[in-house]
């Protein structure tokens, strides 16, 4: 689910397609930044992306439930994460064996290891929060390259769930569902500390949440996705 995140959408889809994601369900909460054009361009490039208008406020959980129902007929595993969040596999990316770009299909391979387990219905991953990294506007080459300073430890988690093992009620809180016969849910921090509840940027926001300079994903993206001649990344190009 997103609002006015069109600048990051192409990067998010193209990057995760490399990791093995095959289908994207976009729930649009009243964006007015031209996201329809971005979705159209991705469709022209054969990415299976659909946009669902979801204009209501305070209905994120309901949107997740609807998406889970919609995805059940098409997907074995469904991940719920934001357009500015990217899965990263340091070991696969850094210690490559064989031909091709390291990390290809890493996410697909991960979930396939548990696809036929009778007891595992959810995979949770740590989620590290990157700060503005000194920037005051969206980085021209994208999220993966522009944001390089993060908090030391993970602040929350993200979930990838087996669509066929969700509880029949489809009850969920932000970022994770109730599973059939689940024992408990762990809490997660969904809002960055200091943001408050109003759309007001705190003082020195661009310098906050910076404890560790982490360029692992940036180095990987620039090393393997950038055009050797121009240095441009796939999501910087436009077909429209």
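Report, by residue number, each residue of region 12-38 that is buried (at least 18 other Cβ atoms within 10 Å of the Cβ) and more than 16 Å from the chain's Cα centre (by Cα). Passing the criteria: 31, 35, 38.
Each residue in region 212-233 was checked for being at pLDDT below 90 and exposed (fewer than 12 other Cβ atoms within 10 Å of the Cβ), and 1 of them qualify. Taking each residue of region 199-228 that is under 17 Å from residue 19 (Cβ atoms) and looking for partners that are surrounded by 12 or more Cβ atoms within 10 Å (Cβ to Cβ) and modelled with pLDDT under 75 with beta-carbon atoms closer than 7 Å, six or more apart or interchain, yields 220/93; 224/101.
Taking region 1-11 as the range and being over 22 Å from residue 163 (Cα atoms) and crowded, with 17+ Cβ neighbours inside 10 Å as the test, the residues that pass are 5, 6, 7, 8, 9, 10, 11. Among the conditions (1) more than 17 Å from residue 211 (Cα to Cα); (2) in contact with a helix residue (DSSP H, G or I) (Cβ under 9 Å, 6 or more places away or on another chain); (3) in contact (Cβ under 8 Å) with a residue 60 or more places away in the chain, the only one that residue 139 does not satisfy is (3). Kindly indicate the residue of region 72-97 that is modelled with pLDDT of 90 or more and outside any loop (DSSP other than H, G, I, E, B) and also surrounded by the fewest Cβ atoms within 10 Å (Cβ to Cβ) among those meeting that condition. Looking at the filtered set, the residue picked out is 79. Take residue 146 and decide whether it is at pLDDT below 90 and farther than 16 Å from residue 77 by Cβ. Answer is no for this residue.
Of everything in region 123-156 that's more than 12 Å from the chain's Cα centre (by Cα) and part of a strand (DSSP E or B), which residue is surrounded by the fewest Cβ atoms within 10 Å (Cβ to Cβ)? Looking at the filtered set, the residue picked out is 126. For region 40-62, the set of residues classified as under 16 Å from the mean Cα position of the chain (by Cα) and in a helix (DSSP H, G or I) consists of 60 only.
So that you can scan it fast, the table gives a plain yes or no per residue for (1) more than 24 Å from residue 154 (Cβ to Cβ); (2) out of contact with any helix residue (DSSP H, G or I) (no Cβ under 8 Å at 6 or more places or on another chain); (3) free of Cβ contacts under 8 Å to residues at least 60 places away in the same chain:
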| residue | (1), (2), (3) |
| --- | --- |
| 48 | yes, yes, yes |
| 61 | no, yes, no |
| 69 | yes, yes, no |
| 75 | yes, no, no |
| 83 | no, no, no |
| 109 | no, yes, no |
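Looking at region 108-118, can you tell me whether even one residue there is outside any helix (DSSP H, G or I), at pLDDT 90 or above and surrounded by 15 or more Cβ atoms within 10 Å (Cβ to Cβ)? Yes, region 108-118 contains at least one residue that is outside any helix (DSSP H, G or I), at pLDDT 90 or above and surrounded by 15 or more Cβ atoms within 10 Å (Cβ to Cβ).
The values are calculated or read from the model by the stated rules, or taken from the named source; none is laboratory data. Since the model is a prediction, treat every value here as computed from it, not as a measurement. Neighbour counts are summed over all protein chains in view; Cβ atoms, including those assigned to glycine, are modelled from backbone coordinates with ideal geometry.
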